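J.: Provided herewith is a single structure, encoded as structure tokens, for subsequent inquiry.
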Amino acid sequence: MTTRMTIALLSLIGILIALYLTLYKVGVVGDLSCSIGSCETVNTSQWATFLGLPVAAWGLGTYIALFTLAMAGTGERYAGSLKISWLLVALSGWSVLFSGWLTYLELFVIHAICIWCVVSAVLMVVIFGLSLADLRGARGHGVAGSRDHGLGSTGPDATGRPRPRDPATP
Amino acid sequence: MVKPPPKSRGPNKLFLVILGIIAVVGVALIAMQAGGGPTPKIVAELPPGDAGKAQPYVYGRPDAPVIVAEFADFECPACAQFATLTEPDVRKRLADAGQVSFRFYDFPLEQHRNSVLASLSAACAADQNKFWEMHDRIFAGQDAWASKPGESDGSANRRASRLFSEYAKQIGLNESAWSTCVEEQRHLERIQANRQLGIQRQVRSTPTFVIGNQMVPGAISYDALKRLVDEALARRDTTARSAATQ
């Protein structure tokens, strides 16, 4: 399994967690399954909303974007694409900072922990680490044999397969 | 002759199967918990009068057949959501119709720095028979006065204080009597007693409702609340019938 496949898989798990918390927030799920911590205290606090939307809904959107990028990056068309790598790093990096802020609020302001939020924060840190590894790989291949700094470099792709050659190249 | 590039292939099938399985299992687990709304817990009914020092604010007939009690925090967003979206219906269609007695108990959460001040402001408005007007104004303006992360306690309190004074003026309170009452924290004991009752009743989050003998956490919908009121009415009728036949 490649780095981007792992990112897609972890993002899918993130989507499911964020979907669960969003459905709770809008009243579709009645009780949160929360064996550790105080999920209801955290999710009914004033910090469970950001710019008019539930924080969980922002998480859902972010995980969907990460999943879409990672899935696109596993296809041959965008394999090794630096743009995809940079977007993954930027989105997951921002999300790590945001998750860190939320964890700070849980620990020092709300004084309650939501286990699902902690799992999501850990997932995001792992995704960020993998995104950095993916970027390093993509840049390494780009230096080895690419004139492309965006889509379609010519080195081996992130899936390990040789890249298709540009038909215009002799 | 140069061969054309192979057609773009997606990720391998095994990987897609794994993703599919995770998605299906995850959605199934979520679906198992969805749809039912909050699960009520059977508890002892609240007494029709005051419970010790705890004194709720009552809307509707005090002797209505069903008591709907809400334990709420003025700074909690879910409480504001219930107060602005659902409560008007509860008052008009259930309390004004004489079916329920709606009771508000303060349950200020420790992490909300302006909650006690909001409760004091509403309690002092109650002295002038304008609790519900102040209650509605405070919840409607929650975004403006709620404390913000990083804001000092003093700054958050001053901003809320200024806004509550404006609300007092808007709803036509005697401002000087109201502000003296708030400054003296005249009703702090009542607020603490209301909260204490919630703690005894194992209220863990806000809002929490006690409808008849069922306790439900969360900002429930009007339909869910009406269903529980109907159940309480039916139970009451059954009990009355069986008492009459004995």
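The values are calculated or read from the model by the stated rules, or taken from the named source; none is laboratory data. Fair warning: this is a prediction, and the values are worked out from it, not measured in the lab. Glycine gets a Cβ as well: all are built from the backbone with ideal geometry, and neighbour counts include every protein chain shown. Side chains are part of the model used for accessible areas, which takes the heavy atoms of the whole protein and leaves out ligands, DNA and RNA. Shrake-Rupley method; radii C 1.70, N 1.55, O 1.52, S 1.80 Å.
J.: Once the other residues with Cβ under 15 Å from the Cβ of B:P108 are scored (Lys, Arg +1; Asp, Glu -1), what is the net sum?
T.: On the way: positive: B:R113, B:R190, B:R195, B:R204; negative: B:E70, B:D73, B:E75, B:D106, B:E110, B:D153, B:E189.
Residues near B:P108 contribute -3 overall.
J.: Taking every residue in B:64-71, how many Cβ atoms of other protein chains lie within 10 Å of its Cβ, on average?
T.: Whole-number average of other-chain Cβ neighbours for B:64-71 is 0.
J.: Something else: Take the residue pairs B:K41/B:K130; A:K25/B:K41; A:K25/B:K13; B:K53/B:K92; A:K25/B:K148; A:K25/B:K226 and return only those whose Cα atoms are more than 27 Å apart.
T.: Violating the 27 Å limit, Cα to Cα: B:K41/B:K130; A:K25/B:K13; B:K53/B:K92.
J.: State in Å² the accessible area per residue of the stretch B:143-246; use a 1.4 Å probe, count heavy atoms of protein chains only, and round to the nearest integer.
T.: About 54 Å² of surface per residue is accessible.
J.: Quote the total accessible area buried by chains B and A together, excluding ligands, DNA and RNA, probe 1.4 Å, nearest 100 Å².
T.: Details: alone 13880 and 9240 Å², together 20200 Å².
The contact between A and B buries close to 2900 Å².
J.: What is the sum of charges, Lys and Arg at +1 and Asp and Glu at -1, for the other residues whose Cβ falls under 12 Å from the Cβ of B:D153?
T.: Residues near B:D153 contribute +3 overall.
J.: All other residues with a Cβ under 13 Å from the Cβ of A:S92 taken together, and with Lys, Arg as +1 and Asp, Glu as -1, what is their net charge?
T.: Its environment carries a net charge of 0.
J.: Let me ask something else about it. Distance between Cα centroids, the stretch B:67-125 to the stretch A:50-94: provide it in whole Å.
T.: Distance between centres, Cα-based: 40 Å.
J.: On to the next question. Which value at 222 nm does chain B reach when only helices count, each DSSP H run of 4 or more adding -39,500 (n - 2.57), with the total divided by all residues and rounded to the nearest 500 deg cm²/dmol?
T.: -15000 deg cm²/dmol
J.: Does chain B classify as rounded, prolate or oblate by the C-alpha gyration tensor (a ≥ b ≥ c root eigenvalues; a/c under 1.5 gives rounded; else a/b over b/c gives prolate, otherwise oblate)?
T.: Cα axes put chain B in the oblate bin.
J.: How many partner chain Cβ atoms sit within 10 Å of a residue's Cβ in peptide A:38-49, on average, as a whole number?
T.: Numbers: counts 2, 1, 7, 6, 2, 3, 14, 10, 15, 4, 3, 4.
Partner-chain Cβ atoms within 10 Å, mean over residues of A:38-49: 6.
J.: Please label the shape of the stretch A:14-103 as rounded, prolate or oblate, based on the square roots a ≥ b ≥ c of the eigenvalues of the alpha-carbon gyration tensor (a/c under 1.5 means rounded; beyond that, a/b larger than b/c means prolate, else oblate). Walk me through the intermediate numbers first.
T.: On the way: a/c = 2.78, a/b = 2.09, b/c = 1.33.
Prolate.
J.: Hey, what did chain B get for relative contact order, percent, Cα under 8 Å, at least 6 apart?
T.: Relative contact order comes out at 28 percent.
J.: Now for a different question. Partner chain Cβ atoms within 10 Å, averaged over the residues of B:104-115 - can you pull that number for me?
T.: Rounded to a whole number, the mean comes out at 2.
J.: Residues of the stretch A:93-117 losing 10 Å² or more of accessible surface, assembly versus chain alone, probe 1.4 Å, please list them.
T.: So the qualifying set is A:W101, A:V109, A:I110.
J.: Carbon and sulfur atoms: what percent of the 1.4 Å accessible area of the stretch B:57-235 do they account for?
T.: Numbers: 3380 of 7240 Å².
Accessible surface attributable to carbon and sulfur in the stretch B:57-235 totals 47 percent.
J.: Could you order the peptides B:60-67, B:130-137 from most to least packed, using the average number of other C-beta atoms within 10 Å per residue? Write down the numbers at each step before the final one.
T.: Details: B:60-67: 16.6, B:130-137: 20.1.
Order by mean packing, descending: B:130-137, B:60-67.
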